[in-house]
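Note sheet for the following structure.
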Amino acid sequence: MSNTAVAQRTKFSVAIQTEGYKKLINDTLQDPKRAQRFIAAVSAAVAVNPVLQGCDTGTILSCALLGESLNLSPSPQLGQYYLVPFKDNKNGRTVATFILGYKGYLQLAMRSGQYKAIIVKAIKKGELVKWDEFNEEITVTSIADPIAYEAAETIGYYASFEYLNGFQKKMYWSKGKMEQHALRYSMGYRAKKGYTFWEKDFDSMAFKTMLRQLISKWGIMSLEMRDAFERDDSVVYADGSADYVGGENIPQIAGAIESAVENVAVDESTGEIIESDADDDSPPQVSMDEL
């Protein structure tokens, strides 16, 4: 580990333990044991991400408190939400951005108490028999062997939900349609430089896109989910005050979530941000329907 990385990691570890931040966390969570668990969880998430260690502590804390308010874990292994570094060129700093993962979508939807079932999965070559878009009926021949299923080529994505009252909505996108969606709305993916989530884990991004399309258009959204969608990128400070990470190149609407992810290029060997696709003079213009 380089001296810079050690210094950044130490900087966050020291900052999160200062009386100002500890008081803010305790006052917000109103539970000493919960506060200790929260600090441990956030510290663990930061420790495994060298780029995140260079972010302003206030922005990391702001995102993590949002995740805590939604009762979601910052653990990258769980994939409920992510603390994603974003280079704020205008203010000369790196900030953390709250990115909801597809497993977070599932958690929030199921907690609403309105859904009997929610499904999102990849359809493999040889499984799809027929997709009737007008009647929203899919016929598949499932690959029973899980190892064979994982090894098979993905040809599309299927998502559906059913309310407790019996109402159902289903959707299927071919792999080609999902590819066109990613190319249209992700500058980083179009560049094909290897650093975007679409390139690293296409299926996870596809699952998230399917759930966003399905739930935002036809699903019941809980207050928790609306809060996550309407994330405002506010930053809290040790004295309890707040402002925005703003700069015009920081996403201010929930619809820009994928854009925030794609605007960061990371050198995998050093963990340093090497490029930003963000335009300093104009914010990302992305609507909920586009994701």
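Values quoted throughout were computed directly from the atomic coordinates according to the rules given, and no laboratory measurement underlies them. These numbers come from a predicted model, not from an experiment. Ideal geometry is used to build each Cβ from the backbone, glycine not excepted, and the neighbour counts take in all protein chains shown.
Couple of notes before you dig in:
- Listed pairs Lys192/Lys217; Lys33/Lys169; Lys116/Lys175; Lys169/Lys193; Lys33/Lys217; Lys170/Lys193 exceeding 32 Å between Cα atoms: Lys33/Lys169; Lys169/Lys193; Lys33/Lys217; Lys170/Lys193
- Sites Asn135 and Arg190 - FRET efficiency at Förster radius 51 Å, r taken between beta-carbons, to 0.05: 0.90
- Distance between the modelled labels on Ile220 and Lys177, one decimal in nanometres: 2.7 nm (7 Å Cα→Cβ projection).
- In terms of surrounding Cβ atoms within a 10 Å radius of their Cβ, Ser160, Ser186 rank from fewest to most as Ser160, Ser186.
- Spin-label pair Ile119/Glu150, simplified geometry with 7 Å Cα→Cβ offset, distance in nm: 2.2
- Using Cβ point charges alone (K and R +1, D and E -1), the dipole size of the range 66-185 about the Cα centre works out to roughly 420 debye.
- Dividing the radius of gyration of the alpha carbons in the range 113-220 by their Kirkwood radius gives 0.99 for Rg/Rh.
- Stokes-Einstein diffusion coefficient of the range 1-122, Kirkwood radius over Cα pairs, 10 °C, 1.306 mPa s, in µm²/s: 103
- Cross-link partners of Lys11 among lysines (Cα-Cα below 23 Å; sequence separation of 8 or more within a chain): Lys22, Lys23, Lys87, Lys90
- Added length on full extension, which subtracts the Cα-Cα distance from 0.36 nm per residue, Asp31 to Gln17: 3.4 nm
- Cβ crowding within 10 Å ranks Leu52, Leu164, Leu29 as Leu164, Leu29, Leu52, fewest other Cβ atoms first.
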